[in-house]
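Q: Shown below is the structure under consideration.
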Amino acid sequence: MFATHFKSALLRPTARVFAQRNAAAPATQLRSFASISNDKAGILNRPATSNNGEPPSLPGMLRLQTGETFNATSFGAPVTGAPMSGEIVFTTALVGYPESMTDPSYRGQILVFTQPLVGNYGVPAPTKDQFGLLEHFEADGIQVQGIIVNDYATKYSHWNAIESLGQWCARYGVPALTGVDTRAVVTLLRERGSTLAEIRVGDEMVNAEQHPIADPNARNLVAEGSTKVKQTYNKGGDVKVALIDCGAKQNIIRALAKRGAEVVVVPWNHDLVRDPVKYDGVFLSNGPGNPEVASTTALNLRAYMDLPATATTPIFGICMGNQLMGLAAGYKSYKLKYGNRGHNQPALNLVTGKCVITSQNHGYALDDTVDVPGWMPFFRNANDGSNEGIRHVARPWSSVQFHPEAMGGPLDTDYLFDDFLTDVREYKAKKANLNRAAGVSFATLEQDEKALPIGIRVAA
Ligand SMILES: NC(=O)CC[C@H](N)C(=O)O
């Protein structure tokens, strides 16, 4: 089962109500009924199926830093003034381009889709849910530098599509190339490993001189993608979770908020130790680039974990969150040859021996071949053997390299959010009970919690 907007089209209750109420209404009225306050571009009333108003089809070229070039046709933003460069990566996901392209973890990257036909279901409207989170996108605006496809679908059709993939790319100034032999590109990347590349659009640019390509991973992409100020979602939730935003996907915030938690999103370099707010749990988000560049987050986390008063607060992390948890614990990170990106990556739970199918998007990993006292590997990738998570042996601290929130991808590991929040609620109740008993100090609480079994439970 995939958490794409295909699925939400079938299952979302609002979609069903919407369809019932408007059974006899023409298509354009349906979209205006769904009208959204933030329809600034007036895109809702465009026809649902169209190839009119597409950006111009211009000659384009993909150039890898290793020298190979691929002639193509541009169907996105006509960026004829300068090449658009980035680290070129590929995803094997079959669906979910609106979600992937807005995932902040893809910042600085040119994304190649191995699925040949892309664009056939268009792009949905930026509707928001009851928490004010985007329903079909993972952040405001497109986050990838550019996209490469083999066969762009010039006609699209979907009940909630409001524009084509090409039009959407053009609105955000993002170049897109079609007609590329993506199998050849992926073969090169798999043999040589990750490389830099650029997209060139227009005759002049295609023939322009070549320059070295700057590596986006040298920048602090986490700082670029993170919120600058605290933001609260689901205010008044029964437990308060600090979400350290390294470039968080909207669906991670929603996964916590819809389970009842108040989510306080804080910047990547937020000092939790000095924060006067006392949180019942801490969550480390996904994020772009090299985790070592965000070492401030890992150092802040280490200080928080070392503090007696907070040493038993449940902590959980996803993807970049796993890498930062690992750095805080004492593991080292390294760059994978070409990363794991797709919706069918098998991860073996090392506690239960069960294999789960996971959504992934990462280029770095933790080296768990060197033991770190007090910690153990949690999951392992059944394809390449790379680390897929770590956990503390006694405290409720763990993290996973894959994406339990999916969007898109399989929902096998959604239960990890339930487990985290069960820990958070137990911790909060225990803290309250102990604090009510006269003379019980935080030190006693810590002693007591050390005896607890490991916080994270496994699926039945
Ligand atoms: N999705 C993520 O959080 C990615 C983490 C990190 N940027 C990597 O590529 O490994």
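The values are calculated or read from the model by the stated rules, or taken from the named source; none is laboratory data. Note that the structure is predicted; figures quoted are calculated from it, not measured. Quick reminder, even Gly has a Cβ in these numbers, built from the backbone with ideal geometry, and neighbours come from all protein chains shown.
Q: Has the stretch 318-331 got any residue that is touching a Ser or Thr at 6+ places or on another chain (Cβ under 6 Å), assigned to a strand (DSSP E or B) and assigned by TED's automatic domain parsing to the domain that holds residue 426?
A: Looking through the stretch 318-331, none of the residues is touching a Ser or Thr at 6+ places or on another chain (Cβ under 6 Å), assigned to a strand (DSSP E or B) and assigned by TED's automatic domain parsing to the domain that holds residue 426.
Q: Also: Output yes when any residue across the stretch 176-198 is at pLDDT 95 or above, under 19 Å from residue 217 (Cβ atoms), buried (at least 24 other Cβ atoms within 10 Å of the Cβ) and touching an Asp or Glu at 6+ places or on another chain (Cβ under 7 Å), and no when none is.
A: no
Q: Same structure again: Would you confirm, using the coordinates I've provided, whether residue 63 is farther than 14 Å from residue 142 by Cβ and either of a type outside the set (Gly, Ala, Ser) or in contact (Cβ under 8 Å) with a residue 60 or more places away in the chain (or both)?
A: yes
Q: Could you list all residues from the stretch 239-291 that are away from the ligand (no atom under 16 Å from the Cβ), aliphatic (A, V, I, L, M), under 24 Å from residue 136 (Cα atoms) and in a strand (DSSP E or B)?
A: Answer for the stretch 239-291, where residues must be away from the ligand (no atom under 16 Å from the Cβ), aliphatic (A, V, I, L, M), under 24 Å from residue 136 (Cα atoms) and in a strand (DSSP E or B): 241, 242, 263, 264, 266.
Q: Additional query: Based on what the data block shows, is residue 342 in a strand (DSSP E or B), outside the structural domain of residue 106 (by TED's automatic domain parsing) and more than 12 Å from the ligand (Cβ to nearest atom)? Spell out how you get there, then give the answer.
A: On the way: in a strand (DSSP E or B): yes; outside the structural domain of residue 106 (by TED's automatic domain parsing): yes; more than 12 Å from the ligand (Cβ to nearest atom): yes.
It is true that residue 342 is in a strand (DSSP E or B), outside the structural domain of residue 106 (by TED's automatic domain parsing) and more than 12 Å from the ligand (Cβ to nearest atom).
Q: May I pose another question? Condition first: hydroxyl-bearing (Ser, Thr, Tyr) and surrounded by fewer than 20 Cβ atoms within 10 Å (Cβ to Cβ). Now tell me which residues in the stretch 281-311 satisfy that.
A: Answer for the stretch 281-311, where residues must be hydroxyl-bearing (Ser, Thr, Tyr) and surrounded by fewer than 20 Cβ atoms within 10 Å (Cβ to Cβ): 295, 296, 310.
Q: Test each condition in (1) on the phi > 0 side of the Ramachandran plot; (2) within 16 Å of the ligand (Cβ to nearest atom) for residue 234 and report the one that comes out false.
A: Unmet condition: (2).
Q: List every residue pair whose Cβ atoms lie under 7 Å apart, where the two residues are 6 or more positions apart in sequence or sit on different chains, the first residue falls within the stretch 230-250 and is free of Cβ contacts under 8 Å to residues at least 60 places away in the same chain and surrounded by fewer than 22 Cβ atoms within 10 Å (Cβ to Cβ), and the second residue, located anywhere, is among the charged types (D, E, K, R) and part of a loop (DSSP other than H, G, I, E, B).
A: Within 7 Å, the pairs are 240/280.
Here's the yes/no breakdown for (1) touching a residue at least 40 places away in the same chain (Cβ under 8 Å); (2) within 16 Å of the ligand (Cβ to nearest atom); (3) closer than 26 Å to residue 217 by Cα:
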position	(1), (2), (3)
346	no, no, no
365	yes, yes, yes
370	no, no, yes
381	yes, yes, yes
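Q: So, one more: Quick check on this structure: which one of 324, 336 is near the ligand (Cβ under 10 Å from one of its atoms) and either surrounded by fewer than 24 Cβ atoms within 10 Å (Cβ to Cβ) or on the phi > 0 side of the Ramachandran plot (or both)?
A: Answer to the check: 336.
Q: Output the number of residues of the stretch 292-321 satisfying the condition of being farther than 21 Å from residue 406 by Cα and within 14 Å of the ligand (Cβ to nearest atom). Walk me through how you get there before you give the answer.
A: Step one: list which residues in the stretch 292-321 are farther than 21 Å from residue 406 by Cα, which gives 292-314.
This time we only want the ones that are within 14 Å of the ligand (Cβ to nearest atom), so: 292-295, 297-298.
Qualifying residue count, the stretch 292-321: 6.
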